[in-house]
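Structure, as structure tokens:
The values are calculated or read from the model by the stated rules, or taken from the named source; none is laboratory data. Note that the coordinates shown come from a computational prediction; the quantities given were computed from them, not determined experimentally. Don't worry about glycine lacking a Cβ; one is built from the backbone with ideal geometry, like all the others, and counts go over all protein chains shown.
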Amino acid sequence: MSEPPVSPVCEAVLPELNGYVDGELHPMECRAVESHLEGCAGCRAEVALLRLVARSLRLAPQPEPSEAMRQRLLARVAAELPLRRIELCCTERHGGQVVSRREVVWSREPEARSRLEPLSAAPRVAFIQQHRQERAGHSSCYQVIESYCSLAD
């Protein structure tokens, strides 16, 4: 047995019914749907079915992902991040003696953008931060660490 043909008015309203049930329509669109529903038993039945499905989905338990799944997802996201070269420059002063060290590491970790320029104007090598720590009571003894970041070629 075939279903009765759908009127052109119903064809225009049917795509809006999900939004109507979920409360996502603009008030004018909502009034237009409600006006149509007053005279259309078929669309009212469709709305009743959509409400039943929505209610059932809200009542269904929402499983939490396992820790293994979380770790796999984080690994996949990290693998898609660009490889970045991070250069750490450390200068320590102890009285008259100055010691400088440089370390380069490669990372796919999300970068801290606190002091980076916007992406559109970002230089090839970006200054991330500078940290200076003085030894208590000894202004001639301090440590300065600078971080630079660039994308791998």
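Given the criteria at negative phi, surrounded by fewer than 14 Cβ atoms within 10 Å (Cβ to Cβ) and outside any helix (DSSP H, G or I), does Val98 qualify? Answer is yes for this residue.
When the range 101-129 is filtered for residues that are exposed (fewer than 13 other Cβ atoms within 10 Å of the Cβ), closer than 17 Å to Ser150 by Cβ and either at pLDDT 65 or above or touching a His at 6+ places or on another chain (Cβ under 9 Å) (or both), the ones remaining, listed by number, are Arg102, Glu103, Val104, Val105, Trp106, Glu109. Cβ separations smaller than 7 Å between residues 6+ apart or across chains give no pair from the range 6-29 residues that are under 25 Å from Arg55 (Cα atoms) to residues that are part of a loop (DSSP other than H, G, I, E, B) and among the β-branched types (Val, Ile, Thr).
Residues in the range 64-80 that are in a loop (DSSP other than H, G, I, E, B) and either acidic (Asp, Glu) or in the same structural domain as Leu17 (by TED's automatic domain parsing) (or both): Glu64 alone. Within the bounds of the range 44-53, is there any residue that is surrounded by fewer than 14 Cβ atoms within 10 Å (Cβ to Cβ), under 31 Å from the mean Cα position of the chain (by Cα), β-branched (Val, Ile, Thr) and within 30 Å of Ser107 (Cβ to Cβ)? No: the range 44-53 contains no residue that is surrounded by fewer than 14 Cβ atoms within 10 Å (Cβ to Cβ), under 31 Å from the mean Cα position of the chain (by Cα), β-branched (Val, Ile, Thr) and within 30 Å of Ser107 (Cβ to Cβ).
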